[in-house]
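As structure tokens, the structure follows; a few thoughts come after it.
The values are calculated or read from the model by the stated rules, or taken from the named source; none is laboratory data. Here the structure is a predicted model, which is why all the values come from computation and not from measurement. Cβ sites come from the backbone with ideal geometry, for glycine too, and all protein chains shown count toward neighbours. Only protein heavy atoms, including side chains, enter the accessible area calculation; ligands, DNA and RNA are left aside. Shrake-Rupley method; radii C 1.70, N 1.55, O 1.52, S 1.80 Å.
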Amino acid sequence: MLLDHGTWIIAADGARAMIMRNDGTPAKPKFTLLRRYEQVNPATREQGTDRPGRTNDAGTHRSAMEEVDWHQLAEDRFVHGLVDELAGAFNRHEFAALVIVAPPAALGEMRKALPDQLRGHVISEINKDLTHLKVHELQEAITKQLSD
């Protein structure tokens with residue numbers, strides 16, 4: 001698969017993201033960084049200090065409530081914010097095709113959050129965490145992945 005000029009590429013996980021555009025040709029892509037996002041998201045144990053709550057049944061039983069995973073909630077909110085940003089850019093006609101690169105959990109959350117109008121313009125999904133790479137390294141990795 002070749003990336004047309006103007007195709008947007010998002011490489012994201014639950015805490016970092018880069019939105020890039022192919023300013024090159026399909027045969028010779030050249031990624032330009034448009035936006036970079038990063039959030040600080042400490043582990044759940046550092047975000048919540050209370051023990052899980054307890055509930056009483058109709059009788060004498062007491063049960064612990066499931067503990068909230070604050071870390072995962074923050075990651076999900078981050079991903080939904082990215083999707084909102086992409087949907088806005090798409091509605092402003094800033095791009096016509098999108099490639100998503102994300103690890104499984106973030107990719108699944110993005111799939112759930114993508115509006116139908118944008119979902120039809122996702123030309124490829126790459127199930128990998130590449131957010132630690134620099135733009136030129138991402139360009140090489142994504143181009144290689146799409147050509148395999």
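Computed values, structure above
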{"quantity": "Cβ-Cβ FRET estimate between Ala105 and Tyr37, R0 fixed at 25 Å, reported to 0.05", "calculated": "0.90"}
{"quantity": "Inter-site label distance for Glu140 and His5 at 7 Å from Cα along Cβ, in nm", "calculated": "2.6 nm"}
{"quantity": "Distance cut-off 14 Å, percentage of C-alpha pairs in the stretch 70-148 lying past it", "calculated": "65 percent"}
{"quantity": "Solvent accessible area, Å² - Thr25, 1.4 Å probe, full protein context", "calculated": "70 Å²"}
